[in-house]
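Heads up, the thing below is written out as structure tokens.
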Amino acid sequence: MRLLDRYLLGELLIPLGYCLCGFLIFWISFDLLSELDEFQRRNLLVRDVAEFYLVKMPDLLLVVLPVALLLALLYTLTDQARHNEITAIRSAGISIWRLSVPYLVTGFLLSLALLSANELWVPDAAEMVDAILRRREPAERKASPGKRFQNVSFRNEPANRYWHLKSVNITTSEMLNPQVEWELEDGSRRHIFAERAIWTNQAWTFFNVQEVWHSSVPGSIPPKSYTELTIPELTETPAQIKSEIKVNSLTARAAARKAQVSVADVLDYKRLHPHMDAPTRALVETQLHGRLAAPWTCLVVVLIALPFGAAVGRRNAFVGVAASIFICFTYFVLMKFGLVLGTGLKLVPWVAAWFPNLFFSVIGIWLTQRAR
């Protein structure tokens, strides 16, 4: 890395750290005041509260980090322009694009970090938060660990297999009163009734099982009972069942507000449902592209801030700062509006999710090219 790159990066990272810490402290303080009674009621210790906010932080960073990066970059660029540093750098024959490389790399790396956190940490954050809140409850008040859903039914379309579950714990992968029915190659149908089922050794194991076969010849295959039965041909994994529950419980209104389902969950759902009706496909595809597009906000805000912060000769730096903030606010509004249009079948899902990124990136590049 050249000396200039190190200098520019150092000038950015210090205000970025201040902005990010300031936003996080403000949010945690505000949330702590509203949740303090609940923490006391649940007898949480200081370390439990600290872990609670640590778990919730990646989801918050999806909103806070792009804003902090925008303000830090605008401060850095306007300060350098005010002290004629940018004029001196460009007088040495360095273009504005070469000057912006450390900022673009920072935006790119932060976008990758948000994308990773969005997929690896955020999807399980709600369950981790619930576990922390229930950690100090008396033993007699604690229910079974994990999150349980009642009366779950779904179909694996490629395998033509139907599942009916009275209850399923998506944390422990335990089912109560599962019923599974599917058709075999010879045209007969196999029906499994069980008291309980668990996922172990990459297969479903059923307990207190009654197996019923339905063939073209009535009574040719009598029902069978088993104390324990493992069925490797049932390919539905706990992750796929979890994604089924998440997508089916997602309303169109909630989906239009935020991309709430992870990419892995959407892909698992699509494997079980290759043929979906138009509203469901629009919801699922918009969630997929919205989830992929959202983390790249960090890179987009760099492209937006560059022409307003780095332009030399502007008499009033506040005008450039205010204009870039207004454009970024419009960008965030269009992101939300795009989810509404995609979920509501008004726009192709990938266009609805990616259009704000592409449109404002092009505007930022065009304005940067025109910057003096």
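Just a few scattered comments:
- Each of the peptides 331-343, 95-107 was scored by the mean count of other Cβ atoms within 10 Å over its residues; in descending order, highest first, they stand as 331-343, 95-107.
- Modelled this way, with points 7 Å down the Cα-to-C-beta line, the labels at Tyr7 and Val212 are 8.1 nm from one another.
- For Leu8, the shell of other residues with beta-carbons less than 10 Å away shows a net charge of -1, using +1 for Lys and Arg and -1 for Asp and Glu.
- Helix axis angle, 349-370 relative to the chain longest principal axis, alpha carbon, degrees: 10 degrees
- Exposure proxy ranking, count of Cβ atoms within 10 Å, fewest first, for Trp163, Trp354: Trp354, Trp163
- Between helix 263-272 and the chain: long-axis angle, C-alpha atoms, 0 to 90°, nearest 10: 30 degrees
- Stokes-Einstein, applied to the Kirkwood radius of the chain over Cα pairs at a viscosity of 0.692 mPa s and 37 °C, places its translational diffusion at 135 µm² s⁻¹.
- Based on DSSP H segments of at least four residues, each scored -39500 (n - 2.57), the chain has a per-residue ellipticity at 222 nm of -20500 deg cm²/dmol.
- Charge tally in the Cβ shell below 11 Å around Thr237, where Lys, Arg are +1 and Asp, Glu are -1, Thr237 excluded: -1
- Alpha-carbon centroids, the range 341-365 and the range 1-20: separation in whole Å: 31 Å
- Ranked by the mean number of other Cβ atoms within 10 Å per residue, highest first, peptides 278-287, 19-28, 295-304 order as 295-304, 278-287, 19-28.
- Residues His83, His191, His275, sorted so that the one with the fewest Cβ neighbours within 10 Å comes first: His275, His83, His191
- Peptides 35-46, 151-162 ranked from most to least packed by the mean count of surrounding Cβ atoms within 10 Å: 151-162, 35-46.
- Against the chain, whose longest principal axis comes from its Cα atoms, helix 46-82 is set at around 30 degrees.
- Taking the number of Cβ atoms within 10 Å of each Cβ as an exposure proxy, the fewest-first ranking of His214, His273 is His214, His273.
- Counted residue by residue at 0.36 nm each, then reduced by the alpha carbon distance between them, the extension gain from Val49 to Asn248 reaches 68.5 nm.
- Selection from Tyr162, Trp97, Leu62, by position along the positive dipole direction of the chain (Cβ): Trp97
- For the range 160-234: rounded, prolate or oblate by the Cα gyration tensor [a/c cutoff 1.5]: prolate
Values in this text are rule-based calculations from the coordinates and carry no lab data. Since this is a predicted model, take the numbers as computed values, not measurements. Cβ atoms come from the backbone with ideal geometry, glycine included; neighbour counts cover every protein chain shown.
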